[in-house]
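J.: Encoded as C-alpha coordinates, here's the structure I'll be asking about.
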Amino acid sequence: MTMEKAIILAIWAAFLVTGNAVGQNPDSTKKSQEEQKSSLRRNTRKNKLDNLVRMDKSLLPEAVLTTLRSSERYFDWEKSPIYKSKEEDMFVVVFKRGTTTKEYMFRRNGKEIHDN
(Lines give C-alpha, C1' and ligand atoms only; values in the text may rest on other atoms or scores of the structure.)
Protein backbone atom coordinates (compact mmCIF):
# COMPACT_ATOMS: atom_id res chain seq x y z
CA MET A 1 0.00 0.00 0.00
CA THR A 2 1.33 3.37 -0.89
CA MET A 3 1.74 6.15 1.60
CA GLU A 4 -1.01 8.21 -0.08
CA LYS A 5 -3.52 5.35 0.17
CA ALA A 6 -2.61 4.81 3.82
CA ILE A 7 -3.18 8.51 4.59
CA ILE A 8 -6.50 8.55 2.73
CA LEU A 9 -7.60 5.37 4.52
CA ALA A 10 -6.63 6.87 7.91
CA ILE A 11 -8.51 10.11 7.17
CA TRP A 12 -11.55 8.18 5.96
CA ALA A 13 -11.53 5.97 9.11
CA ALA A 14 -11.20 9.02 11.35
CA PHE A 15 -14.09 10.69 9.52
CA LEU A 16 -16.31 7.63 10.05
CA VAL A 17 -15.49 7.41 13.74
CA THR A 18 -16.04 11.12 14.44
CA GLY A 19 -19.08 11.22 12.19
CA ASN A 20 -20.78 8.49 14.22
CA ALA A 21 -19.91 10.13 17.52
CA VAL A 22 -21.12 13.52 16.38
CA GLY A 23 -24.26 12.06 14.85
CA GLN A 24 -25.44 10.50 18.11
CA ASN A 25 -27.95 12.46 20.07
CA PRO A 26 -26.84 12.39 23.73
CA ASP A 27 -30.43 12.92 24.89
CA SER A 28 -31.71 9.92 22.95
CA THR A 29 -28.81 7.78 24.19
CA LYS A 30 -29.49 8.82 27.77
CA LYS A 31 -33.22 8.20 27.31
CA SER A 32 -32.53 4.76 25.85
CA GLN A 33 -30.30 3.88 28.81
CA GLU A 34 -32.98 5.08 31.26
CA GLU A 35 -35.62 3.00 29.45
CA GLN A 36 -33.38 -0.07 29.68
CA LYS A 37 -32.82 0.48 33.40
CA SER A 38 -36.56 1.01 33.94
CA SER A 39 -37.35 -2.17 32.03
CA LEU A 40 -34.80 -4.10 34.07
CA ARG A 41 -36.32 -2.78 37.31
CA ARG A 42 -39.82 -3.79 36.13
CA ASN A 43 -38.63 -7.27 35.15
CA THR A 44 -36.75 -7.73 38.43
CA ARG A 45 -39.79 -6.57 40.38
CA LYS A 46 -42.08 -8.82 38.31
CA ASN A 47 -39.82 -11.82 38.99
CA LYS A 48 -39.93 -11.07 42.71
CA LEU A 49 -43.72 -10.74 42.67
CA ASP A 50 -44.14 -13.95 40.63
CA ASN A 51 -42.39 -15.81 43.45
CA LEU A 52 -44.99 -15.05 46.14
CA VAL A 53 -47.52 -17.04 48.14
CA ARG A 54 -50.44 -15.46 49.91
CA MET A 55 -50.26 -15.51 53.68
CA ASP A 56 -52.36 -14.54 56.67
CA LYS A 57 -51.51 -11.18 58.24
CA SER A 58 -51.26 -12.83 61.67
CA LEU A 59 -48.08 -14.53 60.43
CA LEU A 60 -46.27 -11.28 59.62
CA PRO A 61 -43.14 -10.64 61.69
CA GLU A 62 -43.67 -8.15 64.51
CA ALA A 63 -41.19 -5.69 62.94
CA VAL A 64 -43.23 -5.59 59.70
CA LEU A 65 -46.45 -5.12 61.68
CA THR A 66 -44.85 -2.25 63.60
CA THR A 67 -43.82 -0.56 60.34
CA LEU A 68 -47.28 -0.96 58.82
CA ARG A 69 -48.97 0.47 61.93
CA SER A 70 -46.54 3.38 62.25
CA SER A 71 -47.30 5.32 59.06
CA GLU A 72 -50.31 6.81 57.31
CA ARG A 73 -48.60 5.69 54.12
CA TYR A 74 -49.82 2.17 54.84
CA PHE A 75 -53.32 3.22 55.91
CA ASP A 76 -55.84 0.40 55.64
CA TRP A 77 -53.17 -2.28 55.26
CA GLU A 78 -55.37 -4.74 57.20
CA LYS A 79 -57.71 -4.95 54.18
CA SER A 80 -54.87 -5.61 51.74
CA PRO A 81 -53.66 -9.01 50.57
CA ILE A 82 -50.29 -10.01 52.02
CA TYR A 83 -47.70 -12.26 50.40
CA LYS A 84 -44.43 -13.88 51.35
CA SER A 85 -41.61 -14.65 48.95
CA LYS A 86 -40.90 -18.36 48.43
CA GLU A 87 -37.16 -17.77 48.05
CA GLU A 88 -36.19 -14.83 50.20
CA ASP A 89 -37.26 -13.25 53.46
CA MET A 90 -39.53 -10.67 51.84
CA PHE A 91 -43.13 -9.72 52.53
CA VAL A 92 -45.41 -7.79 50.18
CA VAL A 93 -48.55 -5.84 50.97
CA VAL A 94 -50.67 -4.99 47.91
CA PHE A 95 -52.75 -1.83 48.17
CA LYS A 96 -55.59 -1.29 45.71
CA ARG A 97 -57.09 2.19 45.73
CA GLY A 98 -59.51 2.71 42.88
CA THR A 99 -57.72 1.75 39.69
CA THR A 100 -54.26 2.12 41.27
CA THR A 101 -52.32 -0.83 42.67
CA LYS A 102 -49.19 -0.33 44.76
CA GLU A 103 -46.99 -3.02 46.25
CA TYR A 104 -44.90 -2.33 49.33
CA MET A 105 -42.11 -4.82 49.97
CA PHE A 106 -40.55 -5.36 53.40
CA ARG A 107 -37.68 -7.33 54.89
CA ARG A 108 -38.26 -9.39 58.03
CA ASN A 109 -36.75 -6.54 60.10
CA GLY A 110 -39.58 -4.22 58.98
CA LYS A 111 -37.46 -2.14 56.60
CA GLU A 112 -39.20 -1.27 53.33
CA ILE A 113 -37.45 -2.42 50.17
CA HIS A 114 -37.30 0.47 47.71
CA ASP A 115 -36.91 0.15 43.95
CA ASN A 116 -33.88 2.06 42.75
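The values are calculated or read from the model by the stated rules, or taken from the named source; none is laboratory data. Please read all numbers here as calculations on a predicted model, not as lab measurements. In this analysis, Cβ positions are derived from the backbone assuming ideal geometry, glycine residues included, and neighbour counts consider all displayed protein chains.
J.: Considering only the range 54-107, state which residues are in a helix (DSSP H, G or I), hydroxyl-bearing (Ser, Thr, Tyr) and exposed (fewer than 15 other Cβ atoms within 10 Å of the Cβ). Break it down into steps so the answer makes sense when it comes.
T.: Residues of the range 54-107 that are in a helix (DSSP H, G or I), as a first pass: 57-59, 62-69, 72-74, 77-79.
Going one step further and asking which of them are hydroxyl-bearing (Ser, Thr, Tyr), we end up with 58, 66-67, 74.
Answer for the range 54-107, where residues must be in a helix (DSSP H, G or I), hydroxyl-bearing (Ser, Thr, Tyr) and exposed (fewer than 15 other Cβ atoms within 10 Å of the Cβ): 58, 66.
J.: Among (1) surrounded by 10 or more Cβ atoms within 10 Å (Cβ to Cβ); (2) at pLDDT below 95, which single condition is residue 27 missing?
T.: (1)
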